Structures are given as C-alpha cells and as structure tokens.
Amino acid sequence: MVNDKYWNEKIETLPNEEIKKHQLQKLKEQVKYCYANSVFYHKKFDSIGLKPEDIKSLDDLKKIPFTVKADLKENYPYGMVAANPDEIVEIHASSGTTGDQIVGAYTKNDMDIWQELMARSIYTAGGRPQDVIQIAYGYGLFTGGLGFHYGVQKLGARVVPISGGMTQRQIKLMKDLDVTILACTPSFAVYLAETMIQEGIVPQKDLKLKRGIFGAETWSHQMRQRIEKELGIEAFDIYGLTELYGPGVSVECSEHDGLHVWEDHFIVETINPDTGESLPDGQEGELVFTALDKTGLPILRYRTCDISKIIREKCVCGRTHARMLRVTGRSDDMLIVRGVNVFPSQIEFAIMQFPELAAQYLIVLDRPGALDTFLVKVELTEHTQKNTQLDIKQLKHNIQQKIYIITGLSADIEVVNPNELPRTEGKAKRVLDLRKGKM
C-alpha cells in the first residue's frame with residue numbers, strides 16, 4: 001500500500017489508455033485459453049467460425065457470442081470448467097431456487113485474485129486493518145460470507161464470521177466486540193435496525209459501527225438513507241455474481257457516485273436487453289461482463305440481467321476505472337402487470353417516500369379472472385402505530401397515488417401492523433406471484 005487512500009494506487013489510478021492496453025492483452029490470452037481448454041467455448045467459437053486470432057482489438061469483443069445463465073444450468077455441474085479436475089480447489093454455487101444451481105469452480109489462481117479483489121473493495125469502502133468486521137452474509141456455497149472472509153483476512157482486519165441469522169446474537173456481538181463495519185444484505189441491515197429499536201438499543205450511542213458494506217440484492221437510495229439514519233453509519237454498495245468469482249467485481253468509494261468496476265480483471269459493457277445491441281456509455285442497459293483472469297470456469301460476455309449504466313469519467317476520489325451506477329432492477333425480475341413493465345425497485349422507491357412505513361413490503365399478483373390484480377402490502381412503523389391521529393385511509397390513498405405516478409398502474413394497498421410481514425435473514429422476498437399457471 002503506497003497511499004492510505006488506495007489499496008493499490010498504481011492499479012486504481014491507471015490512465016484509461018493503459019487500462020485498455022492491459023485489457024486487450026488479457027482478453028487475447030483469455031480467448032486463447034478458453035478455445036484451447038473449454039469444450040463449451042471451443043464449440044461455441046467453431047459454430048460461428050470464430051478463431052482466437054480474430055480478436056485483435058477491444059472492439060472485436062463484440063464478435064464473441066454472449067454467455068447466459070441457461071448455458072451454466074445446461075452444463076451443470078462441470079460442463080463449462082476449463083481447468084483440470086485436480087486444479088479445482090473450491091466450489092461455490094448460487095441458491096438454485098429456479099432449478100439447477102449455478103456452479104462456480106475455482107483454481108488456486110482464481111482464489112488469489114478473488115481475495116485480492118475483495119481486499120481492494122473493502123479498503124475502497126473505508127475498511128482498514130484496525131477495523132473489526134462482522135460478516136452477516138451466509139457462509140457455505142453462497143459466495144457472500146466466504147468472499148468477505150477472504151478479503152478481510154487479506155486486509156489484515158479482525159473478522160467476526162457470524163454468518164446470517166441469529167439477530168439478537170448479531171447485535172450482542174456488535175456491542176461486545178466493538179464491531180466497526182457490518183457486511184450483510186441491505187434487507188438484513190434493516191431487520192437488525194428494527195430489532196435494535198425494539199430492544200431499546202441506540203446504535204449511535206451503544207455501538208461503534210461506522211460503516212456497512214451491503215450487496216447481494218437490489219436496494220434503493222431511499223433504503224440507503226434509512227439504513228444510514230437508523231444505524232448511524234455510512235453505507236456502501238458492493239456488487240458481484242457467483243459467475244464472476246462472487247462479490248468484489250465493483251464497489252462504491254466514499255464519493256458514492258457509482259461503483260468502481262475493477263477493469264484490470266473485468267471488461268464491462270451495456271446492451272439493449274431486448275435486442276442484444278451494444279449501447280454507448282451513459283445509456284442504461286443490461287450489464288455484460290467478461291472475466292479476464294478466470295481459469296477454473298472462465299466467462300466471456302456474460303449477460304447478468306442487471307440493469308445499470310456505465311460512466312467512465314475519472315472519479316473525484318482519483319480512481320480511473322469505469323463506474324457502474326446503482327443497479328435499478330433485473331430484466332428477469334421485471335413484472336408485467338396488465339401489460340405494463342414494473343420493477344420491484346420502483347415500488348420500494350414509492351414506499352420509502354413515507355416515513356410512516358417500515359422498509360418491508362410485499363407485492364402480491366394474482367389473476368382470479370381475466371385481469372391481473374396488483375396488491376402492495378406495506379407495514380407501519382412502531383412509532384406510527386401509536387399515533388392515534390393517523391388517517392389510514394388517507395395514507396393508503398397517498399401511497400396509491402405515488403405508485404401510480406411512478407408506474408402508471410393503480411395498486412390496491414393493504415396497511416398492516418409492525419412485524420406482520422415476513423422477515424428474511426438473507427435476500428428479501430418481495431414478490432408473491434400467484435398468476436403462474438392461470439390463463
């Protein structure tokens with residue numbers, strides 16, 4: 001570490017032309033590696049008559065066909081692995097809630113790079129060796145817990161590897177062990193804050209928390225503000241996918257003006273999610289990533305389904321790598337209600353405008369007849385419930401109007417008492433779609 005501001009100043013402030021030069025060299029090497037060692041990519045290239053030597057510039061990246069989630073599912077578990085079996089030292093996997101899991105296979109080289117990426121990301125978010133970092137992401141096949149664990153170890157900070165769940169114990173350990181940084185999903189951070197309020201704990205007074213590093217699910221700016229206010233911390237967004245090591249692909253710095261994509265290890269593009277057409281920087285589209293170093297299970301032009309935009313201006317913090325703005329939703333999470341496209345993040349944005357409401361909500365879709373029904377369940381805060389002057393009817397009307405302005409749809413609103421909606425200690429479940437199978 002040359003400068004206390006950066007984990008690796010030389011890499012993080014590399015001029016744009018040097019980044020492109022490095023990317024081109026690594027891309028050529030990675031394409032050759034994939035063609036020589038991956039049966040999947042060898043067949044894919046041959047099917048369109050593409051040879052590794054055809055990749056001569058970064059613009060030639062567009063000649064490479066997309067890789068999609070279905071490819072990994074169809075080749076489960078090891079069909080896309082390029083390394084020899086005895087070179088694979090660790091396995092991770094997605095949740096597999098919609099069929100076969102997405103498997104990540106890691107070589108020793110992959111693990112070294114992932115650990116470095118995570119240390120760099122935690123440092124960028126303000127983590128330092130003197131910090132005590134509580135990891136409340138799940139450990140095991142999910143990449144969140146162990147990804148952070150490896151990064152904290154590389155950083156040299158003290159790790160509290162509690163994993164998910166055990167809410168009361170989480171809070172007790174934060175207090176007893178002087179935890180300064182919390183790492184978990186944003187929805188679990190909200191849950192922890194709610195529990196602290198119920199138990200009379202004032203984080204700003206009773207805890208030493210300074211920062212939180214949150215990821216693994218889409219969250220709005222309004223949820224960030226609520227977390228920061230209730231926990232008394234600075235909240236940082238981190239991004240990653242099992243298909244791309246895990247967390248550590250990009251992270252916010254203290255400027256909170258987009259997430260720095262570590263371009264020495266990834267090439268990021270945006271495309272039109274409907275046509276696959278490449279989009280210019282600054283235009284919102286689906287993120288596509290190419291991993292430049294992965295050897296266990298290499299990935300070229302992976303369609304993430306995450307919707308964002310890329311900006312390449314140098315950040316005020318001095319880092320030169322491209323930044324992706326906060327993910328606003330996922331193309332595969334988009335709901336079609338009465339012919340209108342709706343993202344759960346739009347509903348969250350609307351709900352967060354009302355201080356009377358907790359951060360929990362549930363979208364319930366059904367089709368009892370010819371038309372869709374669109375119900376949004378929201379929850380009062382403990383403080384609001386005690387307000388005898390509260391006009392529930394007016395509150396429901398105001399929420400309905402806000403959702404209509406944002407989505408163009410009229411929603412039914414159900415207001416429930418505090419703690420009635422289900423809580424999760426991992427990724428939040430925001431949608432209950434009962435229309436499946438109904439015509």
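For the chain, what does the relative contact order come out to in percent, with C-alpha contacts under 8 Å and a separation of six or more?
14
So for segment 127-244, what are the equivalent ellipsoid semi-axes in whole Å, largest first, each being the square root of 5 times an eigenvalue of the Cα gyration tensor?
21, 17, 13
Which of the listed residues, MET352, SER278, GLN23, is farthest toward the dipole's positive end in the chain, when Lys, Arg count +1 and Asp, Glu count -1 at the beta-carbon?
Going by the Cα projections, it comes out as MET352.
Which value, in debye to the nearest 20, gives the size of the charge dipole of the chain about its Cα centre, when Lys and Arg are +1 and Asp and Glu are -1 at the Cβ?
Roughly 260 debye for the chain.
Would you check segment 127-234 for Lys pairs whose C-alpha atoms are within less than 22 Å, ignoring same-chain pairs closer than 8 in sequence, and give me the count?
Lysine pairs meeting both conditions in segment 127-234 amount to 12.
Where does the chain land at 222 nm, in deg cm²/dmol rounded to the nearest 500, when only DSSP H runs of n ≥ 4 count, each adding -39500 (n - 2.57), divided by all residues?
Counting only the DSSP helices, I get -9500 deg cm²/dmol.
Which one of THR218, PRO203, TYR239 has its Cα pushed farthest toward the positive end of the charge dipole of segment 189-248, where Lys and Arg give +1 and Asp and Glu give -1 at the Cβ?
In segment 189-248, that residue is PRO203.
Please list LEU395, LEU24, LEU371 in order of solvent-accessible area, largest first, computed with a 1.4 Å probe with all protein chains present.
Sorted descending by solvent-accessible area, the residues read LEU371, LEU24, LEU395.
What does the convex hull of the Cα atoms of the chain come to per residue, in Å³, rounded to a whole number?
151
Please check: in the Gaussian network model of the chain (C-alpha springs, under 10 Å), which one of GLY246, GLY212, GLY282 has the largest mean-square fluctuation.
GLY282
Under a no-solvent Debye model with one identical scatterer per Cα of segment 312-413, what's log10 I(q)/I(0) at q = 0.12, 0.23 Å⁻¹?
Debye curve over Cα of segment 312-413, log10 I(q)/I(0) at q = 0.12, 0.23 Å⁻¹: -0.53, -1.22.
For the chain, report the accessible area per residue in Å² (1.4 Å probe, heavy atoms, rounded to an integer).
With all protein chains present, the chain gives 44 Å² per residue.
Counting only protein heavy atoms and using a 1.4 Å probe, what share of the accessible area of segment 1-153 belongs to carbon plus sulfur, as a whole percent?
52
Which of ASN37, ASN272, ASN84 moves the most in a Gaussian network model of the chain with Cα springs under 10 Å?
It is ASN84.
The values are calculated or read from the model by the stated rules, or taken from the named source; none is laboratory data. On a predicted model such as this, the values are computed, not experimentally measured, just so you know. Glycine gets a Cβ as well: all are built from the backbone with ideal geometry, and neighbour counts include every protein chain shown. Ligands, DNA and RNA are stripped out before the accessible areas are found, and what is left, the full protein with its side chains, is counted by its heavy atoms. Shrake-Rupley method; radii C 1.70, N 1.55, O 1.52, S 1.80 Å.
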